[in-house]
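Since the structure comes first, as structure tokens, the remarks are kept for the end.
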Amino acid sequence: MPRSIHRIAASGAALLFGAAALTACGANDDSSGGDSADGGGDSKVIALLLPESKTTRYEAFDKPLFEDAVANLCSDCEVVYYNADQDEAKQTQQVDTAISEGASVVVLDPVNGAGAGGMVQSAQDSGASVIAYDRFIAEADYYMSFDNETVGKMQAEALVEAMGDKGSILMLNGAPSDPNAAQFKAGAHGVLDESNVKILEEYDNPDWSPENAQTFVTDQLSKYDASEINGVYAANDGQAGGVVAALTGGGVAADALPPITGQDAEVAAIQRILAGQQAMTIYKPIPIEAETAAEVAVALANGDDVPNPTETGIDQTDYEGVPSYIFTPIVVTKDNVADTIIADGFYSADDICTGEYAKACEAAGIS
Ligand code: GAL
């Protein structure tokens, strides 16, 4: 879909966006060579490509929720799925494979957002539409994610509050290749730089991995006494786990850990939060992101209007000129696990309250 139409949509009313969407759907007609239900009845192929599998959300939630939502919306749509395992070159090959399999819609969560333009162009040249999923791609036809700068702001505000706005921290950011990481970092610095909290050292983890986070913090313990580390900003739960392993491995008692932040509401993080070993996480209700992606993808595959904000109940905005769906993140601490994570059915009490965490669950009113 020509970018210029997006720019009209960016400044125009929803009606214009609808028109732009109809034009986008033209990209899927037979003239583009894309599959069509009007043709030989072949299934319509939708490709889902996710960036890595160390962060549990992708295989546990994003993939199954997207596949189920597509199946519920479109009986003759087929989802082809790929996980890049944090390998940019591998993801490029996966996009080429998806195109060769006839994908008319590519839902792409890029390992490297800034470097994804070539993949998007290849898909669009084949007649496919591209949805940038969770991480921004400037060349995409649509973008959806959570309000990532607010994620960073929420994390930093919770940390500064837990520390009583004093003391020193280590700061572990996400992968520089991940556009979300830059937004989390900007949001967090917007708070930290205005606080009385001092950043001892800052680290941009090249692959988000818990292992890299653990190594970084272990290295800091050779420079700083553990008592000088009064808090840790960890951009996601995977890294928070690495931080806890390094600190306890370095002699800090599990019940004397400094406040540590996180993101993604992973099971292990919720358990740490209930046990007092992590201060908070950010819960991003994956269902709304995966199901909205499925709605938009199926509409494009069927050549229908892309759902408008009133239908999806989401404030549709334009992020850097790309029609976007931006969702609201939620701060989770010991006090609201029951009212968010459990109440939403994101996890059950059985998922969380295993073994040593049973008592912590009881204390938090989770049964
Ligand atoms: C970000 C994503 C986070 C987390 C992180 C690690 O892009 O928004 O939720 O998953 O990647 O992969």
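None of the figures in this text is laboratory data; all of them are computed from the coordinates on show. Fair warning: this is a prediction, and the values are worked out from it, not measured in the lab. With ideal geometry, Cβ positions are generated from the backbone for all residues, glycine too; neighbour counts draw on all protein chains shown.
Which of 106, 80, 322 ends up with the largest GNM mean-square fluctuation for the chain, with Cα atoms connected below 10 Å? Maximum among the listed residues: 80.
For segment 209-285, what is the relative contact order in percent, using Cα pairs closer than 8 Å and at least 6 residues apart in sequence? Numbers along the way, then the final one.
Numbers: 122 pairs, mean separation 23.7, N = 77.
Worked out over segment 209-285, it gives 31 percent.
Is there a pair in 63/198; 223/359; 284/334; 54/284 whose C-alpha atoms are over 28 Å apart, and which pairs would that be? Exceeds cut-off: 63/198; 223/359.
Counting alpha carbon pairs within less than 8 Å and at least 6 residues apart, what relative contact order, in whole percent, applies to the chain? List each step's numbers first, then the result.
On the way: 764 pairs, mean separation 66.4, N = 367.
Normalised by residue count, the contact order of the chain is 18 percent.
For the chain, modelled as a Gaussian network with Cα springs under 10 Å, which listed residue fluctuates most, 249, 241, 115? In the Gaussian network model the winner is 249.
Using the crude model of +1 on Lys and Arg Cβ and -1 on Asp and Glu Cβ, and no other charge, please compute the dipole size for segment 249-342 relative to its Cα centre, in debye to 20.
Values: 3 positive and 14 negative charges, 125 e Å.
With only Lys, Arg, Asp and Glu charged at Cβ, the dipole is about 600 debye.
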